[in-house]
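The values are calculated or read from the model by the stated rules, or taken from the named source; none is laboratory data. Fair warning: this is a prediction, and the values are worked out from it, not measured in the lab. Methodologically, a virtual Cβ is constructed for each residue, glycine included, from the backbone with ideal geometry; neighbour enumeration extends over all protein chains shown. For accessibility, only protein heavy atoms count, side chains too; no ligands or nucleic acids. Shrake-Rupley method; radii C 1.70, N 1.55, O 1.52, S 1.80 Å.
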Amino acid sequence: MQHLTVLGSTGSIGTSTLDVVARHPDKFRIVALTANSQVDLLFRQCQQFKPGYAVMLDEAAAIQLRQRVREAGLSTEVLSGVAALEQVAVLPEVDAVMAAIVGAAGLRPTLAAAHAGKKILLANKETLVMAGNVFMDAVRASGSALLPIDSEHNAIFQALPRGYNGDLAGNGVRRILLTASGGPFRNTPLSELQDVTPEQACAHPNWVMGRKISVDSASMMNKGLEVIEAHWLFNASADDIQVVVHPQSVIHSLVEYVDGSVLAQLGNPDMRTPIAYGLAYPERIDAGVAPLDLFKIATMNFTAPDFERFPCLALAYQALRAAGTAPAVLNAANEVAVAAFLDKQISFLSIPRVIKSVLDALPVGTVGCLDDVLGADTEARRAAQQQLKKSSR
Ligand code: NAD
Ligand code: MG
């Protein structure tokens, strides 16, 4: 029996995780669930999974949830605040932590789980983008098992040799091919991109996801963050990682070897596949995912990414090459810009403009510890807010 904490249990990844868990009550037991402020959903999850702990970031939401848990006669202890997120990530009875909080907010509890040597199912790519070396050092020092949940990285993990040691060349790997759907605006005339709405940006052709990552997919910043994520997970340089636009989202990524072999992982675009893989690794379990129907797919297309249409992808490569605090600055500026776009304060095309101006304005510092990352994050958010005031629609 594996005992789990699910950070961000009310989100897209969180609910998919609980869907897989519910299919295997003999294998998994939920110790803790956490959410930002969604009382109704977290309460229903408490009724179904009867966790020992439920955490709401928001204090007022925690008070409501506590009341409802008590009235329902459940023994779940309701906690609140950032410290409680870390607390449930390191409980001695927890074996594995699903890191599925969105954005920089996921960093501290995910890092805490790494320090505590938990098995980490990593969906929160922002942890690696912001603090890749700090996080990977913590994973190595504690001996945590790290399983990528992002579908592309899960595919690469599956296509690399079992027990891959971080040496691409030594394992005969020529390069990593990271697939991208191209998002909803792959073919939109450039002249129309200025006026696209948050609703259009969040209508992804293949995947149903949270709003932040949906906008990131539309701008292809998501792929940029994933290039940086792949860098840390697989010890791959920017030149080792080729983005391939593949609109059908059936091949989730590929690994090319020096002998000409290319190994890919395929499947329907359903996050329950990588989640089930991470949960049960090294076993395979039913994820509730429909079998892949190749006859129905019939054709698959591949094109090179268009860096002019998607300047966010170029900015991410630039930040990865600049190294140090640059990826944390990129991530923070992106979070501020995406929130402003979702809030209809800026246009879609202003997102890369804001990020570029922040990257250009801030010096690149070295990252020796978490405080270096958090300092860069704060400074970048401040610079991005200033840019927002200047950016007009
Ligand atoms: P989501 O917005 O659907 O859910 C986010 C979860 O985090 C919710 O439970 C929410 O309550 C919680 N949360 C939000 N802000 C918080 C805060 N400040 N403090 C604590 N908790 C907070 O997001 P999602 O789409 O499930 O994505 C989660 C993570 O997984 C992201 O890092 C995303 O990049 C990554 N990811 C998602 C998908 C996908 O298909 N959705 C695929 C790959 C990777
Ligand atoms: Mg992905």
ask   = What residue, of Ala159, Ala155, Ala123, is within 16 Å of ligand 2 (Cβ to nearest atom), out of contact with any helix residue (DSSP H, G or I) (no Cβ under 9 Å at 6 or more places or on another chain) and either at positive phi or touching a residue at least 60 places away in the same chain (Cβ under 8 Å) (or both)?
value = Ala159
key: Subset of region 232-258 [touching a helix residue (DSSP H, G or I) at 6+ places or on another chain (Cβ under 6 Å) and part of a helix (DSSP H, G or I)]   = Trp232, Leu233, Ala238
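Restricting region 137-158 to residues that are more than 16 Å from ligand 1 (Cβ to nearest atom) and open to solvent by 20 Å² or more (accessible area, probe 1.4 Å), which is nearest to His252 (Cα to Cα)?
Initial filter on region 137-158 (more than 16 Å from ligand 1 (Cβ to nearest atom)): 137-145.
Going one step further and asking which of them are open to solvent by 20 Å² or more (accessible area, probe 1.4 Å), we end up with 137, 140-143, 145.
Values: Asp137: 27, Arg140: 27, Ala141: 30, Ser142: 30, Gly143: 28, Ala145: 22 Å.
Across region 137-158, the extreme among qualifying residues is Ala145.
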task = Filter region 213-232 down to the residues that are open to solvent by 30 Å² or more (accessible area, probe 1.4 Å) and under 15 Å from Asn124 (Cβ atoms), then identify the one that is nearest to ligand 1 (Cβ to nearest atom).
result = Ile213
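Of everything in region 321-340, what is among the hydrophobic types (A, V, I, L, M, F, W, C), under 14 Å from Ala238 (Cβ atoms) and buried (at least 24 other Cβ atoms within 10 Å of the Cβ)? Give them in sequence order.
Ala326, Leu330
Per-residue answers, yes or no, for (1) farther than 16 Å from Gly170 by Cα; (2) in the same structural domain as Lys223 (by TED's automatic domain parsing); (3) touching a residue at least 12 places away in the same chain (Cβ under 8 Å):
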{"site": "Phe234", "(1), (2), (3)": "no, yes, yes"}
{"site": "Ser253", "(1), (2), (3)": "yes, yes, yes"}
{"site": "Asp259", "(1), (2), (3)": "no, yes, yes"}
{"site": "Leu263", "(1), (2), (3)": "yes, yes, yes"}
{"site": "Arg272", "(1), (2), (3)": "yes, no, yes"}
request  = Test each condition in (1) without any contact (Cβ under 8 Å) to a residue 60 or more places away in the chain; (2) open to solvent by 20 Å² or more (accessible area, probe 1.4 Å); (3) within 25 Å of Val250 (Cβ to Cβ) for Ser191 and report the one that comes out false.
outcome  = (3)
query = Given the structure, is Ala238 modelled with pLDDT of 95 or more, more than 14 Å from ligand 2 (Cβ to nearest atom) and aliphatic (A, V, I, L, M)?
reply = yes
inquiry  = Quick check on my filter: what residues within region 192-230 are touching a helix residue (DSSP H, G or I) at 6+ places or on another chain (Cβ under 6 Å), among the acidic types (Asp, Glu) and under 27 Å from Gln38 (Cα atoms)?
reply    = Asp216
message = Tally up the residues in region 88-116 that are open to solvent by 30 Å² or more (accessible area, probe 1.4 Å), touching a residue at least 24 places away in the same chain (Cβ under 8 Å) and not hydrophobic (A, V, I, L, M, F, W, C), please.
response = 4
ask   = Can you pull out the residues in region 247-259 that are of a type outside the set (Ser, Thr, Tyr) and farther than 14 Å from Asn222 by Cβ?
value = Pro247, Gln248, Val250, Ile251, Leu254, Val255, Glu256, Val258, Asp259
ask   = Residue check, Asn171 against (1) open to solvent by less than 10 Å² (accessible area, probe 1.4 Å); (2) farther than 17 Å from Ser219 by Cβ; (3) away from ligand 2 (no atom under 16 Å from the Cβ); (4) not aliphatic (A, V, I, L, M), all met but one. Which one?
value = (1)
query = Val227 passes all but one of (1) within 13 Å of ligand 2 (Cβ to nearest atom); (2) of a type outside the set (D, E, K, R); (3) modelled with pLDDT under 95; which number fails?
reply = (3)
Matching residues, region 348-393, being of a type in the set (D, E, K, R) and at pLDDT 95 or above = Arg353, Lys356, Asp360, Asp371, Asp372, Asp377, Glu379, Arg381, Arg382
query = If the Cβ limit is 7 Å and pairs must be 6+ apart or interchain, which residue in region 205-219 that is in a loop (DSSP other than H, G, I, E, B) pairs with which residue that is open to solvent by 50 Å² or more (accessible area, probe 1.4 Å)?
reply = Gly210/Val102
